[in-house]
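The values are calculated or read from the model by the stated rules, or taken from the named source; none is laboratory data. Since this is a predicted model, take the numbers as computed values, not measurements. Here Cβ is always computed from backbone atoms with ideal geometry, including for glycine, and neighbour counts include all displayed protein chains. These area figures cover heavy atoms from the full protein model, side chains too; ligands, DNA and RNA do not enter into them. Shrake-Rupley method; radii C 1.70, N 1.55, O 1.52, S 1.80 Å.
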Amino acid sequence: MTATHAPDARPLRLVVISAGTSVPSSTRMLADRLTSATREALGRHGQDVDVTVLEVRGLAHEVVDATFTRFPGDTLRAALEEIARADGVIAVTPTYNQSFSGLFKSFFDVIDPGTLTGVPVALGATGGTVRHSLSIDFALRPMFAYLKADVVPTSVFAASEDFGAVATGGDGDSLASRADRVGTELADYMLRFAGVTGGAVAPTRADAGRGRRSDDDEFGDFVPMGDLLGGAG
């Protein structure tokens, strides 16, 4: 069945969060790979995407200030608003001491509760060696589970050697292949989150068909125990 494109359709919104601290940054390089893979996967569905890249390094001072004051500065507030409107998020951090960087964690600490509820998220991390590859499962996934994000199954850890490796055809473990899998999964999650069928495009209203829920309605379907036991004899 051919999907109908609404005349007022909009691109999906993808926000890319990179917590690299150097220039150039392997963390940003991985984020760019995942972004390209996601854009290509959405393109195969005929879906356009607007990409916003947030370099946490440039927000560091405002993140620290907001940690103490709970009031974000103008630049940080604009970044948080982009995340609140996102149909999907790519989050990539360097690995320090077998975990995410402190700057990466501090950035997510100042995001309002409920902002990422139901939002599709792809995770990536970089490090010097593959010995740190489990940091995503040990550190990142639990944090995003707490934030109630909808994390895609595949994640990518890129060691320094991955960026210089020459991939051969059919190498499913290469960085390019892993990035493609993540991009395909994130694209599928984003389309479902935005209420878009395959080959269709997102409606103009950002919240149409979306799975985002706020803390206010988290217990909206709660039934008191007394009511549940009301019919018991």
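One table, with the values for the structure above:
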| item | result |
| --- | --- |
| Whole-Hz couplings from phi, Karplus 6.51/-1.76/1.60, listed for segment 86-97; x for Gly and Pro | 5, 8, x, 9, 10, 10, 10, 10, x, 9, 10, 6 |
| Solvent-accessible area of ILE17 with every protein chain in place, 1.4 Å probe, in Å² to the nearest 10 | 0 Å² |
| For segment 54-172, accessible area per residue (1.4 Å probe, heavy atoms of protein chains only), Å² | 47 Å² |
| Pair ASP188, THR52: separation of 7 Å Cα→Cβ label points (nm) | 2.8 nm |
| Interchain or long-range residues, amide H under 5 Å from VAL151's placed H | VAL121 |
| Accessible surface ranking that places the most exposed of ARG33, ARG13 first, with a 1.4 angstrom probe | ARG33, ARG13 |
| Gain in span if fully extended, ALA176 to LEU134, counting 0.36 nm per residue against the direct Cα distance | 13.2 nm |
| Extended-chain gain in nm, criterion 0.36 nm per residue less alpha-carbon gap, ARG141 and ILE111 | 9.1 nm |
| Which of THR115, THR93 is most accessible, then next, and so on - probe 1.4 Å | THR115, THR93 |
| Which of TYR146, TYR189, TYR96 is most accessible, then next, and so on - probe 1.4 Å | TYR146, TYR96, TYR189 |
